[in-house]
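As structure tokens, the structure follows; a few thoughts come after it.
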Amino acid sequence: MKILRTPRSMAAWSERLRKEGLTIGFVPTMGALHDGHRSLIRAARLRCDALVVSIFVNPTQFGPTEDLTKYPRPITHDRALCRAEGVDVCFEPTPGAMYPEGFQTVVTVPEISQRWEGQARPHHFAGVATVVTKLFGIVRPHLALFGQKDYQQAALIKRLVADLNLGVAIDVRPTIREKDGLAMSSRNRYLTPDDRRAATILYRSFQAGRQAIEAGAKTASTVERIMRKTVAQESTAHIEYLALCDPANLEPLKQVKDRTLLLGAIRIGKVRLIDNMLVKR
Ligand code: AMP
């Protein structure tokens, strides 16, 4: 496995492979890799000739009070995981190489960025859209994989790729969970043992919501009330948002539809958890 650290060396490698007619798969990450990332890497490995994983803790998608400096960076572990999964290139640029002096372009996807995560984290999605556009320009993948865990992010990237004709196929893969239902996340390691136990409440609230829909609940407010009551069972959990929305555009729903997305963010202690569940009737 090659470790490439500059955009120039990464772009040159991709250019060479493209000239040979090989297909390039790409999994962008911020590192601290877990089985959620691993599932994207495995799915990509089956579908392309050459596989690139980027590890870049992108400063522009963190707010001023967020955990940028504390974000975990276990690079030796991450490289070993990539090597074991047959990754060809680990792309590890520095912030300085990605944002050199004079950098000023920002990519925004305004409508999708308005609600939910966009409201809670004002500049987050502009940071994501800009870095993904840059990474696609450097890696020039044919295919890129993202997790449903970050549903709004995946929707934004599909929109971005269509709007800017980026020519990258996007595959969104299911959320990988711990045995008790907690969605895997690099941030779960910050949970204290008590908070870790309480953290399953978000998933349990989606299960309660799904059960209500399956039992015939028709209005979003009924289902939402049930989800909120479930989260309230854990006194340490604070709801940021919890909603039923349209899986196509993330607009809030008044009525349950054939496909309804349950979407939520909660805080437990200092840790913010997001998750979602797509419910079909
Ligand atoms: P991150 O390193 O958090 O930026 O995530 C990199 C990619 O992994 C994104 O496409 C995430 O949606 C995806 N991902 C993160 N957690 C999970 C999970 N539990 N299951 C599936 N994909 C995930």
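Any read-out appearing in this document is the output of simple, stated calculations on the displayed coordinates, not a laboratory observation. Remember, it's a predicted structure, so these values are computed and weren't measured experimentally. Counting neighbours? That spans all protein chains shown, and the Cβs are built from the backbone with ideal geometry, glycine included.
By the count of other C-beta atoms within 10 Å, a proxy for reagent exposure, 235, 186, 221 are ordered fewest to most as 235, 221, 186. Of all aspartates and glutamates in the structure, those lying under 12 Å Cα to Cα from residue 257, and not within fewer than 8 positions of it along the same chain, are 214, 246.
For the range 186-276, a Kirkwood hydrodynamic radius built from all Cα pairs, placed in the Stokes-Einstein relation at 20 °C and 1.002 mPa s, yields a translational diffusion coefficient of 160 µm²/s. Of interest is the spacing of the C-alpha centroids, which for the range 9-73 and the range 158-232 amounts to 23 Å.
Assign one of three labels to the range 43-185, namely rounded, prolate or oblate, based on the Cα gyration tensor with a ≥ b ≥ c the square roots of its eigenvalues; rounded applies when a/c is under 1.5, prolate when it is not and a/b is larger than b/c, and oblate otherwise. It is rounded, given that a/c, with a ≥ b ≥ c, falls under 1.5. Each residue of the range 147-161 is assigned a 3J(HN,Hα), and the resulting list reads x, 5, 2, 9, 4, 5, 4, 5, 5, 5, 5, 4, 5, 4, 5 Hz, derived from the Karplus form 6.51 cos²θ - 1.76 cosθ + 1.60 (θ = phi - 60°), x at Gly and Pro.
Take every DSSP beta bridge whose two residues both sit in the chain; close to 50 percent of them are antiparallel.
Every Cα-Cα pair of the range 13-80 was included, and the share exceeding 16 Å stands at 57 percent.
Summed over qualifying helices (DSSP H, 4 residues or more, each -39500 (n - 2.57)) and divided by its residue number, the chain shows a 222 nm mean residue ellipticity of -11500 deg cm²/dmol.
Of the residues 99, 203, 151, the one that moves most in a GNM of the chain with alpha-carbon contacts below 10 Å is 99.
Extension gain, residue 192 to residue 225, is 9.1 nm, computed as 0.36 nm per intervening residue step minus the present C-alpha separation. The Cα trace of the range 1-118 gives Rg and Dmax of 15.7, 46 Å, the first to one decimal, the second as a whole number. Spin-label pair residue 1-residue 120: with each label point 7 Å from Cα along the Cα-Cβ axis, the two points sit 3.0 nm from one another.
All C-alpha to C-alpha distances of the range 111-221, sorted into 10 Å bins beginning at zero, yield P(r) values of 12, 32, 34, 19, 3 percent in whole numbers. According to the calculation over all Cα-Cα pairs in the range 69-115, the P(r) per 10 Å bin from zero is 18, 28, 33, 21 %. Taking Cα atoms only, the orientation of helix 201-214 departs from the longest principal axis of the chain by about 60 degrees.
Largest mean-square fluctuation among 86, 96, 167, in a Gaussian network model of the chain whose springs join Cα atoms under 10 Å apart, belongs to 96. One quarter of the surface of the convex hull around the alpha-carbon atoms of the chain equals 14.9 nm², the direction-averaged projected area. The slack in the chain from residue 83 to residue 163, taken as 0.36 nm per residue of separation less the alpha-carbon distance, amounts to 25.4 nm.
Counted residue by residue at 0.36 nm each, then reduced by the alpha carbon distance between them, the extension gain from residue 65 to residue 106 reaches 12.7 nm. Backbone phi angles across the range 225-231, fed through the Karplus curve with coefficients 6.51, -1.76 and 1.60 (θ = phi - 60°), yield HN-Hα couplings of 4, 5, 5, 5, 4, 5, 4 Hz in residue order; Gly and Pro are listed as x.
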